[in-house]
């Protein structure tokens, strides 16, 4: 017996796949905009072995986010089997809302960062410490909004793979956030130490 209607299942798949394409297409466009402003790529190449491993993790997250909806051909196909307890109308509405909220938050981060936005750590130095918009209360809001979107995707397509993608992203984001904090602490010293004290890593600190 099917867990959900075939039309709804297709709509869920389309939403998740589209959200991944829109998000990472937006990252590509943001990278082009910043490159025009600063005259060089915004650290698109991993700097060392650790970053290359992290990039592999990000690649798996992206591939799973966009690819999983294309791989599922039926609501009960294993190992991408839907988790029936999460197939609730409220979960669908919440998942869709999280996708929209997460991407809107990402655009807010882009606006706040401006030309300071980077993908990798900028070893050449950072001109300023961004502390406006979402960065006033969180140190890594882009990662936070990615988590929000992946949680929304997991509610729309609640499978073990969706949960694994969410967990892998959290691990990669946590490692990357720690590396970025170490780097920025060395660049900005006391200013960054003060910033650490009044902000949360992935959740706002009030």
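Each reported figure results from applying straightforward, stated rules to the coordinates on display, with no laboratory input. Computed from a predicted model, the values in this text were never measured in an experiment. Using ideal geometry, Cβ is built from the backbone for each residue, glycine included, and neighbour counts are taken over all protein chains shown.
The distance separating the Cα centre of segment 140-162 from that of segment 103-123 comes to 19 Å.
If contacts are Cα pairs under 8 angstrom and at least 6 residues apart, what is the relative contact order of the chain in percent? Walk me through the numbers on the way to the answer.
Values: 230 pairs, mean separation 57.4, N = 206.
Value for the chain: 28 percent.
The C-alpha atoms of the chain define a longest principal axis, and helix 160-188 lies at about 0 degrees to it. Computed extension length for residue 70-residue 129: 17.2 nm, one decimal, from 0.36 nm per residue of separation with the Cα-Cα distance subtracted.
Taking 0.36 nm per intervening residue step and subtracting the Cα-Cα distance, what contour gain separates residue 14 from residue 183 on full extension?
Values: separation 169, 0.36 × 169 = 60.84 nm, distance 3.90 nm.
The span from residue 14 to residue 183 would gain 56.9 nm if fully extended.
Protection proxy ranking of 35-41, 169-175, by the mean of other Cβ atoms within 10 Å over each peptide's residues and highest first, is 169-175, 35-41.
On the principal axes of its alpha carbon atoms, the chain extends 61, 35, 27 Å, with the longest extent given first. Computed over segment 10-107, the alpha-carbon pair-distance distribution with 5 angstrom bins reads 2, 11, 15, 19, 19, 14, 9, 7, 4, 1, 0, each value a whole percent.
Maximal additional length on extending the residue 48-residue 63 stretch stands at 3.2 nm, based on 0.36 nm per residue less the C-alpha distance. Computed from Cα positions, the angle between helix 89-113 and the longest principal axis of the chain comes to roughly 20 degrees.
With respect to the chain, whose longest principal axis is taken over its alpha-carbon atoms, helix 141-156 is tilted by about 0°.
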